[in-house]
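The next block holds one structure in the form of structure tokens; read it before the comments.
Computed from the coordinates by the stated procedures, all read-outs in this text should not be read as laboratory data. Note that this is a predicted model, so its numbers are computed, not measured. Cβ placement follows ideal geometry from the backbone for every residue including glycine, while neighbour counts extend to all protein chains displayed.
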Amino acid sequence: MAEKTNVQAVHDALFDEFKRDPRLIIVGEDVGARGGVFRVTDGFIEAFGAERVIDAPLAESSIVGVCIGAAIGGLLPIAEMQFADFSAPAFEQIVDEAARMRYRSNGAFGVPLVIRMPWGAGVRGALYHSQSVEAFFAHVPGLKVVVPSTPYDIAGMLRSAIRDPDPVVFLEHKATYRSVKGDVPDGEYTIPLGPADVKREGTDLTVFAYGLMLHHCLSAATQLEAEGISVDVVDVRSLRPLDADTIVREARKTGKCLVVYEDNKLYGAGAEIAALIAEEAFDDLDAPVMRIGGPEIPATPFNKPQEDWYMPDPLKIATKMRELAAY
């Protein structure tokens, strides 16, 4: 067992998989000599060579397109979008090609591809380095979209994503890369893509979150514990497939539900979670399903006061939790 940061968990699990399977390659901007802008692939080109650790030009559509062809040809490619915001030029390749390949070929071709995307705000990245893109991709059958938020989950789910026969969008929240630490077991283990995880048991209300918001919700739950309010915190962890069984079970357990996500509130992934609860657990609810999301502006502002205004934080979440508990 070793304590690691989130970014160390990505690096180490990826490194171990590269050693385990020679079919693995990674393609992305600056992944080679520089080791990536977040140093995720630091030391990879020295260990595995330029034929497997491939520096690409600023052409995300080509990065994903090359990886789709490599996957069909028998390799196990990882496409790194330097920032999730930059996945927009590759949207056609991800959605129209990778996600639909198995369906359109009647199962003859699969695309075992992992598309790693550092995402999210809280790092003063402003318009083009702070976006939440999960709802775009979670809408698409044929893709898996996972959002692990702890070192333990990252390592286990990254191995599962690499070994999956179909394309996986693997989202890594930038603001948690070095701010979140946790124990990671020695040796190889996997975590299935799909199941949610109850990170904190509670009895008065249930909160559903992922990414940076999971950690803010856990912090807010600790605040409320001192006030005698017991908060159940569910790490959704996977947006497609979505763990309906766990979500409905935990909603019924307390009868009061809050969904927290930093993406724009309207049409965000949290809206699907709220709709699922309303459809499947309505008779067990003691209050309306409540949500916290980002405001209806096009992007996160650059300056810190406005970014703080945009972002849900433990104080805002705790306030909403109190409102729900008192309903």
With Cα atoms, 0 to 90° folded angle of helix 151-163 axis to the chain main axis:
50 degrees
Relative contact order, percent, the chain [alpha-carbon distance under 8 Å, six or more residues apart]
16 percent
Looking at segment 2-184, what % of the alpha carbon pairs are farther apart than 24 Å?
31 percent
Cut-off is 10 Å between beta-carbons; in what order do 309, 119 appear when sorted fewest neighbours first?
309, 119
Helix 269-280 against the longest principal axis of the chain: what's the angle in degrees, Cα atoms only, rounded to the nearest 10?
50 degrees
Please sort 190-201, 26-37 by packing, taking for each peptide the average over its residues of neighbouring beta carbons within 10 angstrom, highest first.
26-37, 190-201
Where Rh is the Kirkwood radius over the Cα pairs of the chain, the temperature 37 °C and the viscosity 0.692 mPa s, what D in µm²/s does Stokes-Einstein return?
163 µm²/s
If you put +1 on each Lys and Arg Cβ and -1 on each Asp and Glu Cβ, how big is the dipole of segment 255-327 around its Cα centre, in Debye rounded to 20?
340 debye
Rounded to 10°, Cα long-axis angle of helix 212-225 versus longest principal axis of the chain
30 degrees
I'd like the projected area of segment 192-327, averaged over all directions, using the convex hull of its alpha carbons. Report it in nm² with one decimal.
8.1 nm²
Taking the highest mean first, how do the peptides 120-127, 319-326 order by number of other beta carbon atoms within 10 angstrom per residue?
120-127, 319-326
Of the listed pairs 174/265; 256/316; 4/320; 253/320, those with alpha carbons more than 23 Å apart are 4/320
Cross-link partners among aspartates and glutamates for residue 304, C-alpha distance below 14 Å, same-chain residues fewer than 8 apart left out?
313
Residue 210: net charge of surrounding residues, Cβ under 11 Å, Lys/Arg +1, Asp/Glu -1, itself excluded?
-4
Which of the peptides 39-51, 261-273, 241-253 is most tightly packed, and how do the rest follow, judged by the mean count of other Cβ atoms within 10 Å per residue?
261-273, 241-253, 39-51
Take 310, 189 and order them by how many other Cβ atoms sit within 10 Å, fewest up front.
189, 310
Pairs of alpha-carbon atoms within less than 8 angstrom and 6+ residues apart define the contacts here; what relative contact order does segment 197-325 have, in percent?
29 percent
Summing -39500 (n - 2.57) over every DSSP H run of at least 4 residues in the chain and dividing by its residue count gives a helix-only mean residue ellipticity at 222 nm, to the nearest 500 deg cm²/dmol, of -10000 deg cm²/dmol
